[in-house]
1. If you scan the range B:32-59, which residues turn out to be over 16 Å from B:HIS11 (Cα atoms), within 14 Å of chain A (Cβ to nearest Cβ) and touching a residue at least 40 places away in the same chain (Cβ under 8 Å)?
2. Determine whether A:LEU412 is in contact with a Gly (Cβ under 8 Å, 6 or more places away or on another chain), more than 11 Å from chain C (Cβ to nearest Cβ), closer than 23 Å to A:SER464 by Cα and surrounded by 17 or more Cβ atoms within 10 Å (Cβ to Cβ).
3. Looking for something within 30 Å of C:ALA81 (Cα to Cα), part of a loop (DSSP other than H, G, I, E, B) and within 14 Å of chain C (Cβ to nearest Cβ) - is there at least one such residue anywhere in the range A:508-519?
4. Just for the range C:218-247: of the residues that are surrounded by fewer than 23 Cβ atoms within 10 Å (Cβ to Cβ) and polar (S, T, N, Q), which one is nearest to the other protein chains (Cβ to nearest Cβ)?
5. Only one of these conditions is not met by A:GLY334: (1) without any contact (Cβ under 8 Å) to a residue 40 or more places away in the chain; (2) small (Gly, Ala, Ser); (3) buried (at least 18 other Cβ atoms within 10 Å of the Cβ). Which number is it?
6. Looking at the range C:307-325, which of the residues that are closer than 24 Å to C:PHE243 by Cβ and either within 14 Å of chain A (Cβ to nearest Cβ) or among the hydrophobic types (A, V, I, L, M, F, W, C) (or both) is farthest from the chain's Cα centre (by Cα)?
7. Specify the residue that is surrounded by the fewest Cβ atoms within 10 Å (Cβ to Cβ); the eligible residues are those in the range C:326-335 that are part of a helix (DSSP H, G or I) and over 17 Å from the mean Cα position of the chain (by Cα).
8. Scanning for something without any contact (Cβ under 8 Å) to a residue 24 or more places away in the chain, surrounded by fewer than 19 Cβ atoms within 10 Å (Cβ to Cβ), away from chain C (no Cβ under 14 Å) and not hydroxyl-bearing (Ser, Thr, Tyr), does the range A:42-54 turn up at least one residue?
Amino acid sequence: MNYSFLSSPKVKKIGIWGLIALGVLPQLPLIISWFLGIDSNWNHIAEHLLPKLLINTLSLVLLVVLGAGLIGTLLAYIMSHYRFPGHRWLNWALLLPLAIPAYVMAFVFLGWLDYSGLIQTQLRAWGVNMTWDARQGYTSLVIVLSLMFFPYVYGVLKPNFERTYPEMDIQAAALGAGPWRRFWRIQFPLAFPSLFLGMMLVMMETLADYGTVSIFNTPTLTTAIVSAWQDFYSLKLAMQLASLILLVAWTLFMVDHWVKVSRPRVLNKWQKITPTTLKGYQAWSIFVLVFTIFSISFLLPFIQLLYWAIISDQSFTDSKYWSLTINTLGLGLGAMVVILSVAVTFELLKRDLQAGRWIQRFSQLTLMGYALPGNVIAIGVLGILIGLEHQFGLTSGWLSQSIWVLILVLSLRFFILGQGPVSNGLRQISPQMIQSAKSLGASPLRLSTKIYLPLLKPGLIASSGLIFLEVMKELPATYMLRPFDWSALSIYTYELSLEGNYEGAALPALLLVLLGILALWVSQRRRR
Amino acid sequence: MLEIKNLQLCHSQTAICQNVNLTLRKGEIFGVVGPSGVGKSSLIKAIAGVMPLKVGSIYWQGKIWSQEQQVVALEKRGLGLVLQDPALFPHMTVEQNMVFGLTSLSKSDKQKRIAEMLAFVEMTGFEKRYPHELSGGQAARIALARSLAPQPQLLLLDEPFANLDKDLSLRIIGRLQKLFAKNKTSVLLITHELKEAQSLCNRILNFTANGLEPLVA
Amino acid sequence: MSLKSIFKPLGLIIATLSLTANTAFVQASDDLVIYSSRTVNLIQPLIDGFKKQHNINVKLMTGKDEALIERLKMEGRNSPADVLMTVDAGNLGLAAEKGLFQPLNLGPTEVVVPAHLQDSNGLWTGLSLRARTIIYNPKLVDVKSLTTYEDLANPMWKGKLCLRTSKKVYNKSLAASFVAHFGEQKTLEIFKGWVSNLATKPFAKDSEVIKAVNSGQCAVGIVNTYYVYRNQSKNPQSVAKLFWANQETTGTHINISGAGITKYANNKENAKLFLAYLLSNEAQKIFADLNHEFSIAQLVSKTATLPFKADNLPITKLHTEQFKGVKLMQIAGYE
């Protein structure tokens, strides 16, 4: 087949706008919903529900970002500046909480902390009556979400803390700045874009979270979207509520853009810092601190799941777990292939066309899916595809009821995880490098295998792990869009936990966590 | 007055140590020349207190600055420092870079000082630029201006003119002479250009394997 | 540029994946396609029984009620679904209202569904019963003090009541039945009373309400009975006991699981066979055994009767009044 037509700039331009259009697809129904008139229930919602929803949502987002930000920053600082026993494995084990789906974490935590939970029951048996209600207020919810999400901050911030620019620090000191001022005016602002990126991920995860808040029965915008649909049978209302989330996400991206603009460009003079090796009680107390966080956020929940899985009526040997695992892996693989190949194509096109402001702006919009709950994207895309089927007289389900729709929706939701690393990787490949390779007679194939691929590889591997992880954990979209007789670990976990059968749900959840660990291990392999 | 007594500077690779003794009085401008790699930059780092020393001591105005196990923090020394790397703060504009050391001045004084110093290095109009928008030579001039702005009594300069063209360096050196004379600044200039040293300094020392020696012309 | 070399392998991957994936959707035309909001483990034994009797292949898609209904609506004429099975009369009523069903015309069935448990236009039918009633902790409550759902709004229960979230459809239907029986004003007062009596904020699941009553966090709660039976068979030492509410008045609230044949069903005859099977004595027994639900057979038979007096409100009211009920719960601050 002849691909030479692909080289024409016109085709490329159409291609890039086509991809952008595809990327903003899930947002269209949200915007269109406002043109269908204000839903008649808005008055009721605004009077009785909205204030509480907004307060809950904003408080949670702020508190969780604070909690996850603090834990993540503290750990990133400790792990980059100090060496102590156990440092080597904790270094990446601290990312493991990402392998536990948030809703699983929530029922594990309630299983411990609630009035009827392990701890309070035991305390009452000893005659200690606690009056603390774990589900009341924000405390335990914020703790759970912060423990779930701190690895985002930790992961992006640690590489920043691992490097230093001694001359700059010396200069600042010579100009009279003490350690405190040097940290706040120099080190912190320089690490801030990364910190902000981590915090933005946390904020978007918190906004999109449905599982955890519904287990705590704390109404937020995301749960309101679902109940607008369930209680008022109004998809329009659900979409209009969802557009509030979109608004928050847009704002976040604008702030991020602004942070990035003021970000210091190319600093090639970073040096790796020399970490301090701790000894004696200092080493042990730091180890205990880090290990405690690791235990609460991963080890203990993991052990709990293991225990439940063992006492439950579910069994590994059941053949359905094979197919569930295979389906889960296949889904992850599919989304990974789509996201990464689209991301590479997209970024190459952008670069080839020396994309102007409009393309840059609009391509930011394609990343917004990350902040939207999966069901919002799912229903939007489903509507569009079914419309297409009707339009073209296709057999129903040909488009809308196939694994491809699910993969498409998941790719739209998690596109940001591929786009970021790919665009970072491409930035290291200068156009001059390509020019000189071409002048040496390198064929396109050689160019990709010898230059693009090796330089992009670390980023691609890291992001494929993350994509896998997120896709496997995703529930609402997967549940809504899966084809007939098709299930995955996340769905099975959910269905078993639906009626409170947490012991039963533990086994598929455990398999999910194990696959997640594998994905994390793959994504971190090169860095260790 | 800066006094360096018995300071031992050792090379980690060659294990050769130099013994340094130096007295720099108020208003004196010393040049230090010598082949590269001999440890001139280490001398400056030792005086700035960012390199621990094992043997010897450094005094300023009769007070101890550095000796073994005892170091006054760099930010408390009130000296000016220009390193080979301009090390401008990349997230701040030129103006913000320059104001960083001017904490004790009023707002209008700050503005005045910045304008003065930018004119001094012929960089007026660059206030709002970010470091990544400057060339190497421009960054070096801003780094010099930033260190001069707080009017330190002791100034340590490590190859400040390396990236500048000849005419410009000469003009700046001319202004520096006047400024140092007016403020009675003590200056230690490290350079590999003998001519630079000759045009600016009262005295020139040669840094060799034996330590600091008066330059025999 | 190197786009070409990306497209070639990509095209290949997509082509092979498409081939393997599409085989999964090739659908024999006489397969019976069921959309169900009951989870697989609760419906599979019924499907197996049906298959054994009729040798008809069944394809099942489970999902949430609102998603399945929306999907059916979007798919319209092209929908592959033949049968929609859901729990709760509200969902069935909604599907009927949106024109997703066609008249059943089942003809005579082994178990005859009473008129108040099916759609007045014959678009859907109830298949099994679920009762929602009071649960109490005998250590904390004298059973004599229990009477009705409404009475739990009485200040004497302050700090003693546990509820499940108002978002759950079971509670929405219960609310609808209140509106039908007592009118909106009284219903709002009941909910306000409930909210002020709460021992803790509403739980996400019935099973948590049962746990809370067991552990003494609260003295009374309202749950679906099969959760209690299930819990008792799992934890024989649990103390929580069922109380049949409103026996002297309206009867204990019941809801149904039910089904209808979709408007554009490709296999109408097989769909009828399936529903008729579900109303056979055999299937009714599976319903009752599988999930500790009550069968319609139990309600109508003269020998094996229900252990309580059931509310005989026309079940369609659970749909028509549900919206009012939901709003009242929200106004009362019942989360």
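The values are calculated or read from the model by the stated rules, or taken from the named source; none is laboratory data. Treat the numbers as computed from the prediction; the structure is a model and nothing was measured. Here the Cβ positions follow ideal geometry from the backbone for every residue, glycine too, while neighbour counts run over all protein chains shown.
1. Selection gives B:ILE47, B:ALA48.
2. It is true that A:LEU412 is in contact with a Gly (Cβ under 8 Å, 6 or more places away or on another chain), more than 11 Å from chain C (Cβ to nearest Cβ), closer than 23 Å to A:SER464 by Cα and surrounded by 17 or more Cβ atoms within 10 Å (Cβ to Cβ).
3. We begin by selecting, within the range A:508-519, every residue within 30 Å of C:ALA81 (Cα to Cα); these are A:508.
Remaining after also requiring part of a loop (DSSP other than H, G, I, E, B): none.
Among the residues of the range A:508-519, not one is within 30 Å of C:ALA81 (Cα to Cα), part of a loop (DSSP other than H, G, I, E, B) and within 14 Å of chain C (Cβ to nearest Cβ), which makes the answer no.
4. Step by step, filter the range C:218-247, then rank; the result is C:ASN231.
5. Result: A:GLY334 fails condition (1) only.
6. The extreme case among them is C:PHE308.
7. Taking the range C:326-335 and keeping what is part of a helix (DSSP H, G or I), we get C:326-331.
Filter again for over 17 Å from the mean Cα position of the chain (by Cα), leaving C:327-331.
Values: C:LYS327: 20, C:LEU328: 24, C:MET329: 29, C:GLN330: 21, C:ILE331: 16.
Ranking the qualifying residues of the range C:326-335, first place goes to C:ILE331.
8. No, that holds for no residue.
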